[in-house]
């Protein structure tokens, strides 16, 4: 029988055979056969030829099963959930939404941790895993991003100067570096929300503070170097993601403020 097989139950609602149901649900026919065998999702009727036919209620139950499955529930747990007579479709939707929102929060936190890790690695930090976890919320500092920074800028004086300086930093210094960086990010977001222009005096003051921050902690940063660094904030998606976390458009705002400040001092 064709995988496109569908019939009407007489009320205008279509019923689908196993092939079309599998394709619409994004699962295999074998999966649907297994769900039928264990009583998890059984098609309501059989065609005159004996084929499985899924009606609207079957499709809704399958959707509930697949959402719970993708949330990590075992089949036995799912069977208990979808077979609970006290829980209707709306209640299932609400429960699944809560679970998905919770997962989204966890994933957002993981992305933020990875972005902090990326920032730390490009600076060549030398901390113990415990110190990294305490300051940045991650124990994965170092590795490939530090290698990338060394490959891209290893022969430059700013990179070598930065490496000499950070080699002497301990947890207290890195905590201060992190706090100052967070203060700068918050201040730039506040200016954006207040509608202040990136080329205005307040934003340019922040840009100058950032340049001096780099000079204080990492390397002597001239205006041309600062301008070049700002370009990475909008050209490298990893930096853009870090700056835009919690304030979409902040990477561009900071870039424009740094550029305006560099232009003013040229």
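General observations
- Residue 185 vs. criteria more than 24 Å from residue 108 (Cα to Cα) and either at pLDDT 85 or above or surrounded by fewer than 20 Cβ atoms within 10 Å (Cβ to Cβ) (or both): no
- Remark: residue 108 falls outside the filter, which requires a residue to be modelled with pLDDT under 75, out of contact with any strand residue (DSSP E or B) (no Cβ under 8 Å at 6 or more places or on another chain) and surrounded by 18 or more Cβ atoms within 10 Å (Cβ to Cβ).
- In segment 27-84, the residues that are free of Cβ contacts under 8 Å to residues at least 24 places away in the same chain, within 15 Å of residue 95 (Cα to Cα) and not in a helix (DSSP H, G or I): 72, 73, 83, 84
- Filter result (under 29 Å from the mean Cα position of the chain (by Cα), under 12 Å from residue 39 (Cα atoms) and surrounded by fewer than 17 Cβ atoms within 10 Å (Cβ to Cβ)) within segment 57-82: 75
The values are calculated or read from the model by the stated rules, or taken from the named source; none is laboratory data. Keep in mind it's a predicted model, so treat the numbers as computed, not measured. As a convention, Cβ positions derive from the backbone with ideal geometry for all residues, glycine included, and neighbour counts pool all protein chains shown.
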